[in-house]
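Heads up: the structure comes next, in structure tokens.
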Amino acid sequence: MTFPPSAAPLTDVERVLCVLAHPDDVDFGSAGTIATWVDAGIEVAYLLVTRGDAGGFDDTPREEMPVLREAEQRAAAAAVGVKQVDFLDGYRDGILEPTIGLRRDITAAIRRFRPDRVLTSSPLRRWERLAGPSHPDHLAAGEATTCAVYPDARNPFTFTDIGLEAWTVREIWYSGGPGPDHFVDVTDTFPRKLAALRAHASQTSHLDGFEEMLRERHAMVARAGGLPEGRLAEGYSVFSTG
């Protein structure tokens, strides 16, 4: 299963909400793109479903990891110019499910921030890359966010107890899914993406040759998107939800 062809992205976006499962997900997938949006004057906010308590590669005590990773995500956001970073409570890294409760919490965030565009993880698995993009938490966050975009957030008769007016998100971008066909040139913002990812020291400091690996990955995406040699890109599937 794959996505249908992407729609042409909206040209009048003022606010974007990025909803991801873990600290660092937004930066691995989209920090370069987000930096271009911020440079264009678009207001971007992050909503992280968990605090990444199951992450890390050393002997950091588990009870310290959520606080550490929250601080890392805030520093990473600052590196690309994002000022609003919110975390949900009550969801554990590694066992995330697209429950009604999660849909409700994401719906509340959408109705508060009132974004034109939502960026999230693909709810579709990539069989050729079971690691990374196909993490079950990523799939669950993408599915719950999709349901929150439609039908939950726009339906005034859904989740009436949260006391927020219905809001229609006009566009959704999926990162990490199969067959991305919309590409954003991030060559100029790559240094800020790299800075954002290095802010996630608990996740990236152990990786040898990290910059070279990241640069080659995005060069491959750029080539897949038909960009000139030497350019770097991030890829998406884009859909109108209006």
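The values are calculated or read from the model by the stated rules, or taken from the named source; none is laboratory data. Keep in mind that this is a model prediction, so the values were computed, not measured. So basically every Cβ, Gly included, is an ideal-geometry build from the backbone, and we count neighbours across all protein chains shown. Just the protein is used for accessible areas: all its heavy atoms, side chains included, with ligands, DNA and RNA removed. Shrake-Rupley method; radii C 1.70, N 1.55, O 1.52, S 1.80 Å.
Observations on the model:
- FRET efficiency estimate (nearest 0.05) - Cβ-Cβ, residue 164 to residue 10, R0 22 angstrom: 0.45
- Sulfur and carbon atoms: percent of accessible area, region 135-176 [1.4 Å]: 59 percent
- Relative protection proxy for 229-241, 92-104, 138-150, from highest mean packing down: 138-150, 229-241, 92-104 (other beta-carbon atoms within 10 angstrom).
- Distance between the modelled labels on residue 92 and residue 229, one decimal in nanometres: 5.2 nm (7 Å Cα→Cβ projection).
- From phi via Karplus (6.51, -1.76, 1.60), per-residue ³J(HN,Hα) for region 162-178 in Hz, x at Gly/Pro: 7, x, 10, 5, 4, 9, 9, 7, 8, 7, 10, 10, 10, 9, x, x, x
- Stretching residue 157 away from residue 127 to a fully extended chain increases their span by 7.1 nm, per 0.36 nm per residue minus the current alpha-carbon distance.
- Between residue 210 and residue 83, the FRET efficiency from the beta-carbon distance, with R0 = 30 Å, is close to 0.70.
- Accessible area of region 31-118 belonging to carbon and sulfur atoms, whole % at 1.4 Å probe: 50 percent
- Region 1-59 and region 87-151 have Cα centres separated by 11 Å.
- Normalised per residue, the accessible area of region 149-242 is 48 Å², obtained with a 1.4 Å probe and no contribution from ligands, DNA or RNA.
- Fully extending the segment from residue 1 to residue 67 would add 20.0 nm, taking 0.36 nm per residue of separation and subtracting the current Cα-Cα distance.
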